[in-house]
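All remarks here apply to the structure that follows.
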Amino acid sequence: MCLIIHKPKDAKLDLDLLHSASQYNPHGYGLMAFTGPQKISVIRDQYTHFEALRRAYVHLAKHECVIHLRLRTRGHINYTNTHPFRVTNAIYMAHNGTLDINCRIPGRSDSWHMANDLLQPLLRRNPNIIHAKSFQSYIAKNIGANNRMVFMDADRQKTVIINKSLGTEYQGVWLSNTKWFDSARFGLTAPNCNNGQLASDACSKLKLLGERFGQGLNKLNYCSG
């Protein structure tokens, strides 16, 4: 399932929380940060070793950054499937959740296919659409309540969080969920894991992303996982 952490520039991330998340999500980590005008720096590894993760975070801690920690559900454990994914020359994306989409390349994750097969054709043609509230709402509606996506746009130096309200704020940082780290230790309550009705509702609503915002793309069929 994974965990995404968004740390604003002036916030500080509790390293104990980061350590806990690294233990729950052993299948790779990635950090992306605004480190200069029209610049995003990315650090990734296909395995989550806390000391390496800590050093990477400390290196980028003075900047606004997004951290993704992976717990594999689909796709191999390798660099190719390690978040964040480059969608355009300026836009990167991290995903938390499971999308039951057409995965045309064996071993590539659903997140990889979402970034490369669905989002890339749209955002390369019109990168500014990611900042449109209507497009953000459309993505949120169609990926369902069990998914989160975070985009960083180097050109506009802005971060976009899909389904942000379904995450949790903690000491000035945003967490995509409270399930994939020891949330009780930090005074946070893990959610009820019985998401059957949410998944059913999401499955019934899922449509083709390109119907409204682009040309014909593969149909998404979301189910929880």
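The phi torsions of segment 100-116, fed into the Karplus equation with coefficients 6.51, -1.76 and 1.60 and a -60° offset, translate into couplings of 8, 10, 5, 9, 6, 10, x, x, 8, 7, 5, 5, 4, 5, 4, 5, 8 Hz, rounded to whole numbers, with Gly and Pro shown as x. Evaluating 6.51 cos²θ - 1.76 cosθ + 1.60 at θ = phi - 60° for every residue in segment 135-150, the Karplus couplings come out as 6, 4, 5, 5, 4, 4, 4, 8, 8, x, 6, 8, 10, 10, 9, 10 Hz, glycine and proline recorded as x. Of the trypsin sites (Lys or Arg not before Pro) found in segment 31-129, those that fall in a DSSP loop while having at most 16 other beta-carbon atoms within 10 Å are K62, R72, R104. Restricting the chymotrypsin sites (Phe, Trp or Tyr not before Pro) of segment 18-125 to loop positions (DSSP other than H, G, I, E, B) with no more than 16 neighbouring Cβ atoms within 10 Å leaves Y47, Y79.
Put in line by how crowded their Cβ is, counting other Cβ atoms within 10 Å and starting with the fewest, I67, I105 read I105, I67.
Placing dummy labels 7 Å off each Cα toward the beta-carbon, the span from H131 to T80 is 3.4 nm.
Counted residue by residue at 0.36 nm each, then reduced by the alpha carbon distance between them, the extension gain from F186 to N116 reaches 21.6 nm. Close amide H partners of T48, meaning residues 5 or more places away or on another chain with modelled amide H under 5 Å apart, are H27, G28. Sequence-ordered 3J(HN,Hα) estimates for segment 169-185 from the Karplus curve with 6.51, -1.76 and 1.60 and θ = phi - 60° stand at 8, 9, 6, x, 10, 9, 10, 5, 7, 10, 9, 9, 6, 7, 5, 4, 4 Hz, glycine and proline given as x.
For the pair segment 136-159 / segment 47-79, the C-alpha centres are spaced 19 Å from each other. On the beta carbon distance between L15 and Y47, with R0 = 25 Å, the FRET formula returns roughly 0.85.
Any read-out appearing in this document is the output of simple, stated calculations on the displayed coordinates, not a laboratory observation. Because the structure is predicted, anything quoted here is derived from the model rather than measured. Please note: Cβ atoms are built from the backbone with ideal geometry, for glycine as well, and neighbour counts cover all protein chains shown.
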